[in-house]
């Protein structure tokens with residue numbers, strides 16, 4: 001059954017003309033960081049799905065270029081929004097829904113001051129949609145921001161298109177093994193869970209009597225001072 005679902009998914013994507021698929025990916029990636037669509041639909045998911053159709057070097061280069069270009073355009077839009085509206089976006093109803101912790105995490109990336117942090121932010125979930133807005137809000141120099149953002153977008157596009165294409169090839173070649181593999185994993189997980197529960201239950205059962213005995217031993221030791229052999233502080237001394 002899982003193999004049939006995956007085969008249907010691949011067939012559906014393969015039926016879409018390449019230019020339409022790449023155009024849809026480009027639009028979604030632009031919106032991802034410009035209007036924070038990436039908080040709902042991460043661009044990684046969209047790009048990985050599209051990359052499953054890549055079978056040639058030309059397709060790889062074309063999709064990676066679309067991904068990098070669209071990402072750069074979207075992040076530029078986010079930067080301009082942040083530069084224009086500043087903290088009003090963060091203080092708005094939508095900004096509060098995103099959560100202060102996510103804003104703070106994205107801001108900490110830029111506070112580091114290194115270009116490497118800006119490049120790496122493209123690979124951070126949630127933060128990559130917020131970093132452009134915060135960069136504009138903090139008035140990060142445009143030349144510095146654009147340079148490192150372009151590098152990050154290019155590396156991100158190459159990596160994710162490569163991962164999606166490689167995964168697609170591997171899955172397509174071993175789709176007939178997917179059903180038995182999933183079944184084996186599920187059975188093994190259930191068996192491990194049952195064994196762990198049984199061991200924990202046995203340990204708890206074995207530990208309860210010992211826990212009950214320990215207080216009485218403590219009371220005996222505490223009350224044994226008068227018992228006989230002239231303990232320190234005994235009246236006999």
- From the option list 117, 153, single residue qualifying as touching a helix residue (DSSP H, G or I) at 6+ places or on another chain (Cβ under 7 Å), farther than 23 Å from residue 45 by Cβ and in the same structural domain as residue 83 (by TED's automatic domain parsing) is 117
- Note on the structure: If you go through 59, 32, the only one that is within 24 Å of residue 149 (Cα to Cα) and modelled with pLDDT under 85 is 32
- Task: May I ask you to say which residue of 139, 202, 197, 172 is part of a helix (DSSP H, G or I) and at pLDDT 75 or above?
- Result: 202
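The values are calculated or read from the model by the stated rules, or taken from the named source; none is laboratory data. Values in this document were obtained by computation on a predicted structure and should not be read as measured data. Cβ: placed from backbone, ideal geometry, glycine included. Neighbour counts: every protein chain shown.
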